[in-house]
Structures are given as structure tokens and as C-alpha cells.
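Undergrad: So that we are looking at the same thing, I have put the structure below in C-alpha cells.
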Amino acid sequence: MKKIVIFTMLVGFLSSCCSMKNTGNKSNLVITGEIIPLGITTFQYGTHMINAENKSYALKSIKIKLDDYINKSVIIKGKKLAGYPLEGGPELIEVSDISLK
């Protein structure tokens, strides 16, 4: 019994000492294009879209009101979110910065 308790404590100690790394597939992007509202889609994520270089991206942002940039040419900075695309939709980008082109 004493060995089990010591083993459990050792495992707990080693687990708490390990650093956690973010293994998600987040990569920085800079995209230039025109933001459009998302509307009705077959996929159900994001609030807006941007088309750039013959590719569409779904967008979302917690800190930027994307509605202020609808139908405007912009440069966005953001990160691809891991786990997307879903349901045949586009990649999802978390927008961290935006500026007018």
C-alpha cells in the first residue's frame, strides 16, 4: 500500500512539473481583401468573410467590431484556429488587428 501511495505522489509531482505547450495549429496571417457579412452558410462558424488570393476565410474577433469594416478594403492580422475548416467550409481566422488599405 505504501508503494502505491508513493508512486501516486511521484506521478502527481512529475505531472505538475511538466510545461504545457500549445500544440494547436495556430499560425500568423496577414490578409488583404474586402470584408463581407457571413450570411447563411452550410458551415456554422465565424461572423464575417474575407476573400483574398482566390481563397475565402471565415473571420471572428473578440476585440474588433468587424461590422465597422463591411465592404471596405482592409488588411487584417490574425491567427488560424486549430480544428478548422469544418463541414467543407473555409479556415477560421481570429482577427487581432485590422487597418484600412
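Just so you know, all these numbers are worked out from the coordinates, no wet-lab data involved. Owing to the predicted nature of the structure, the values given are computational and were not obtained by experimental measurement. Cβ placement follows ideal geometry from the backbone for every residue including glycine, while neighbour counts extend to all protein chains displayed.
Undergrad: Return the loop-located trypsin sites (Lys or Arg not before Pro) in region 45-91 (DSSP other than H, G, I, E, B) with at most 16 other Cβ atoms within 10 Å of their own Cβ; answer none if there are none. Walk me through the numbers on the way to the answer.
TA: Values: sites: LYS55, LYS60, LYS63, LYS65, LYS72, LYS77, LYS79, LYS80; in loops: LYS63, LYS65, LYS72.
Sparse-neighbourhood loop trypsin sites (Lys or Arg not before Pro): LYS63, LYS65, LYS72.
Undergrad: Sorted by average packing, counted as other Cβ atoms within 10 angstrom per residue and highest first, what order do 37-45, 81-89 take?
TA: Working: 37-45: 11.4, 81-89: 13.4.
Final packing ranking: 81-89, 37-45.
Undergrad: Which whole-number percent is the relative contact order of region 23-101 (Cα, under 8 Å, 6+ apart)? Intermediate results must be reported in sequence, preceding the final value.
TA: Values: 173 pairs, mean separation 28.6, N = 79.
Dividing the mean separation by the residue count of region 23-101 yields 36 percent.
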